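Peer 1: To start, I am sharing the structure in question, which I have written as structure tokens.
The values are calculated or read from the model by the stated rules, or taken from the named source; none is laboratory data. Note that the coordinates shown come from a computational prediction; the quantities given were computed from them, not determined experimentally. Using ideal geometry, Cβ is built from the backbone for each residue, glycine included, and neighbour counts are taken over all protein chains shown.
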Amino acid sequence: MASSEIILEAVSSVSQIPAADWDACANPRPGPGARNGLDRSASPHTINNSCTDLTSSYNPFVSHAFFLALEASGSACARTGWGPRHLLARRDGAIAGIVPCFLKSHSQGEYVFDRGWASARAWSMSVSAARSRADSLPYAG
């Protein structure tokens, strides 16, 4: 019987994760008749431009190649305020899920600037005011 235990692991670079494993989680291939894994109860005769009409679920902004390019170019690194710390979920040693994460050292490039919250946290806890974790895609907004 297989274990149901899930082990979480953080890695400091997408290069530590095989591209095939990353892309299998990020851009899974839909099964036949799954309409891209989206609303399976939706009518196949929906209005054009509906998300259920998509023929491909590939999103380049979550692909291994995209994150590798961000990291290799120095665009997403600790120096720029986007230190990679991707989370892996493993079940029986195999990757079962991936969350692209970054340790942020500033609030730049975000829709909501959290300087007020960061300052309050720094004042009350005597910690760096700008340190946070972001589960988001840099440069894809």
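Peer 1: Any idea which of Ser75, Ser15 is at pLDDT 90 or above, among the polar types (S, T, N, Q) and in a helix (DSSP H, G or I)?
Peer 2: Exactly one of Ser75, Ser15 is at pLDDT 90 or above, among the polar types (S, T, N, Q) and in a helix (DSSP H, G or I), namely Ser15.
Peer 1: Also: Could you list, in sequence order, the residues of the range 64-74 that are touching a helix residue (DSSP H, G or I) at 6+ places or on another chain (Cβ under 8 Å) and over 12 Å from Ser15 (Cα atoms)?
Peer 2: Scanning the range 64-74 gives a single hit, Gly74.
Yes/no matrix, rows are residues, columns are (1) at pLDDT 90 or above; (2) more than 14 Å from the chain's Cα centre (by Cα):
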| site | (1), (2) |
| --- | --- |
| Leu70 | yes, no |
| Arg85 | yes, no |
| Ala89 | yes, no |
| Ala94 | yes, yes |
| Gly97 | yes, no |
| Ser105 | no, yes |
| Phe113 | no, yes |
| Arg121 | no, yes |
| Pro138 | no, no |
